[in-house]
Amino acid sequence: MKFKQSILKFHLLILILFIFIILLSCSSHLNKDKKIFNYNEQSGIASLDPAFAKNQSIMWAIHQLYNTLVEVDDELQLKPSLAKSWELSKDQLLFTFHLRTDVYFHDNPLFKNGKGRLMNANDVVYSLSRIMDVNVASPGAWIFNNRVDLNGGFKAINDSTFQLKLIRPFQPILGILSMQYCSIIPKEVIDQYGNDFRSHPVGTGPFEMITWIEGQALLLKRNEHYFETDSNGNKLPYLDGVKISFFDSKATEFLEFQQQRLDFINDIDANFKDEILTKTGNLKKEWEGRLVLQKHPYLNIEYLGILVDTNNVMVKKSPLRLQKIRQAINYGFDRKKMMLYLRNSIGTAANSGFIPTGLPSFDSSFVKGYHYDPNKATELLVEAGFSGENNLPSIKLLTIPIYADLAGYIANELNIIGIPIQVEVVQKSILLEQTSKSQALFFRGSWIADYPDAENYLSVFYGKNPAPPNYTRYNNEEYNKLYEKAIGEKNDSIRYQLYRKMDQLIINDAPVVPLWYDMAIHLIHKNIESFYPNSLNLLELRRVIKK
């Protein structure tokens with residue numbers, strides 16, 4: 001019996017490899033019949049379970065396989081997806097969603113006759129409840145904490161009507177529902193595979209998985225029963241499939257792209273940026289006409305964080321406890337020069353607040369940040385009591401390897417004006433651990449939007465939030481009151497005004513040193529059309545055409 005099982009497993013492996021080879025040939029530039037979009041994921045993909053969609057590599061793949069109730073369009077506006085419409089009760093606590101009735105899960109042997117089952121409201125209840133299940137241990141559990149009523153917060157009224165009940169008004173909840181964590185999945189597949197659902201994904205998305213050989217390639221094919229169409233009634237997606245490679249070398253990735261075995265590259269490695277881009281962030285002449293350079297605002301801010309919890313012994317002994325020292329650091333280096341020479345103008349110098357460009361509440365005329373002013377920095381040092389023989393003690397700045405050159409630049413600039421900075425390069429996992437445990441006084445950080453609302457950034461400084469997201473342990477009573485008022489404000493204009501007041505408070509108190517507002521940058525081959533990522537930098541392939 002064991003011998004027969006071994007033979008069956010062997011035959012199954014041969015079959016999978018055969019399919020894999022066939023699909024690889026489809027993605028080759030030699031086969032013009034199949035339109036396979038090829039991209040590389042250097043960091044690999046840890047899971048295809050939406051409950052673990054905690055980083056970009058997972059989110060990009062999840063976005064191809066699943067759908068959410070609502071989604072974000074190219075203009076960062078929320079629009080219907082699985083939910084065709086919704087209403088909010090007068091007390092702003094109850095959302096009622098009306099679901100589409102023409103959406104099916106991918107074909108799977110666990111469904112009747114192996115055909116995809118109709119998605120319904122119970123699937124929504126199950127999917128969202130699962131995120132909060134402690135046994136699942138989803139890193140996205142925080143999205144509903146202290147927001148959704150634990151007793152009946154998710155409810156199926158009938159097959160096509162779903163209700164969500166809040167504890168208190170929270171306007172950004174629709175944005176949260178657009179996150180990949182909130183993708184809709186079928187319970188019976190989870191029941192069958194348990195933790196192995198990570199490699200047996202079944203969703204309603206535009207593509208479905210064929211095979212995943214970890215460390216080698218992930219292959220997706222067009223979902224022939226996908227519910228969306230274009231404006232002319234043509235079924236989406238246009239592509240026949242997607243192939244994701246896992247080259248861990250940026251040099252290999254670039255070579256594969258040059259040889260047209262990859263259709264696009266996300267971001268440009270520091271080792272190649274000077275070869276491809278001018279200092280002003282444009283293609284060099286030798287690349288013009290050969291490639292398409294695509295740049296757009298990306299909802300990410302790069303910053304230096306400063307621990308300001310005065311109850312922490314480390315803070316009590318550090319000059320960073322003083323607001324004037326933190327402000328002096330902000331004035332003490334030239335962000336624009338840094339962007340030009342170290343970033344090839346990819347991004348915008350952060351001379352406003354913590355909220356980045358690209359969000360509707362961003363307003364640099366209202367929120368006044370820091371500009372390069374070494375004289376002002378020196379004045380603040382004197383006012384803080386550090387001048388003459390009373391020199392400022394050395395301050396350690398923690399960063400990760402890929403940002404070592406930037407940290408070095410900032411340290412050199414600050415050293416010139418009398419703020420001695422010692423750069424210490426550590427691995428990312430160590431930095432995350434130390435910031436989470438409030439063991440890092442001065443550290444490099446970034447914040448990528450989870451959903452298109454400035455609340456996502458302002459929650460980083462809400463005093464009642466732990467670390468994460470409040471890595472600086474900032475706690476300002478006035479700020480906290482504004483935050484609590486803003487999340488319940490239905491009027492966008494009024495809410496944005498509150499956001500800007502909060503942003504200015506952060507800048508004045510200076511628990512952070514904003515560096516730059518990021519920019520997504522892609523290199524694309526000229527035979528790829530209708531490739532339009534949004535400011536969340538999601539990989540959108542539904543309308544992509546490959547010629």
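Since every read-out is calculated from the coordinates, none of them should be taken as a lab result. Here the structure is a predicted model, which means the values were calculated and not measured. Glycine also receives a Cβ, built like all others from the backbone with ideal geometry; neighbour counts cover every protein chain displayed.
Observations, loosely collected:
- Only DSSP H runs of four or more residues enter the estimate; each adds -39500 (n - 2.57), and after division by the residues of the chain the mean residue ellipticity at 222 nm equals -8500 deg cm²/dmol.
- Above-threshold pairs, the threshold being 32 Å between Cα atoms, out of Lys279/Lys481; Lys84/Lys115; Lys54/Lys79: Lys279/Lys481
- Rel. contact order, % - alpha carbon contacts under 8 angstrom, at least six apart, the stretch 134-288: 10 percent
- In sequence order, the stretch 194-202 has phi-based couplings of x, 5, 6, 4, 3, 10, 10, x, 9 Hz under the Karplus curve 6.51 cos²θ - 1.76 cosθ + 1.60, θ = phi - 60°, and Gly or Pro positions carry x.
- Sorted by Cβ neighbour density within 10 Å, fewest at the top, the residues Ile400, Ile143: Ile400, Ile143
- For Lys273, a cut-off of 27 angstrom between C-alpha atoms picks up these lysines, skipping any fewer than 8 places away in its own chain: Lys243, Lys250, Lys284, Lys285, Lys295, Lys336, Lys337, Lys428, Lys526, Lys546.
- When the trypsin sites (Lys or Arg not before Pro) in the stretch 283-347 are filtered for DSSP coil states and for at most 16 other beta-carbon atoms within 10 Å of their beta-carbon, the remaining sites are Lys284, Arg290, Lys317.
- Contact order relative to length of the stretch 298-520, as percent, for alpha carbon pairs under 8 angstrom and 6 or more apart: 37 percent
- Euclidean distance of C-alpha centroids, the stretch 244-301 and the stretch 73-149, integer Å: 36 Å
- Among complete DSSP H helices in the chain, those whose alpha-carbon atoms stretch at least 24 Å along the helix's long axis and whose mean Kyte-Doolittle hydropathy reaches 1.0 are 2-27.
- Note on Thr435, Thr229: ascending count of other Cβ atoms within 10 Å places them as Thr229, Thr435, the fewest first.
- Using θ = phi - 60° and Karplus 6.51 cos²θ - 1.76 cosθ + 1.60, couplings along the stretch 519-536 (whole Hz; Gly, Pro as x): 9, 7, 9, 10, 9, 9, 6, 6, 8, 9, 10, 6, 9, 10, x, 9, 6, 7
- Relative contact order, whole percent, for the chain stands at 18, derived from Cα pairs under 8 Å and 6 or more residues apart.
- Thr211 long-range amide H proximity, modeled H, under 5 Å: Leu219
- Candidate values (i) 73, 59, 56; (ii) 69, 59, 50; (iii) 83, 60, 54, label of the one derived for Cα extents along the principal axes in Å: (iii)
- Listed from fewest to most Cβ neighbours within 10 Å, the set Ser183, Ser89 follows the order Ser89, Ser183.
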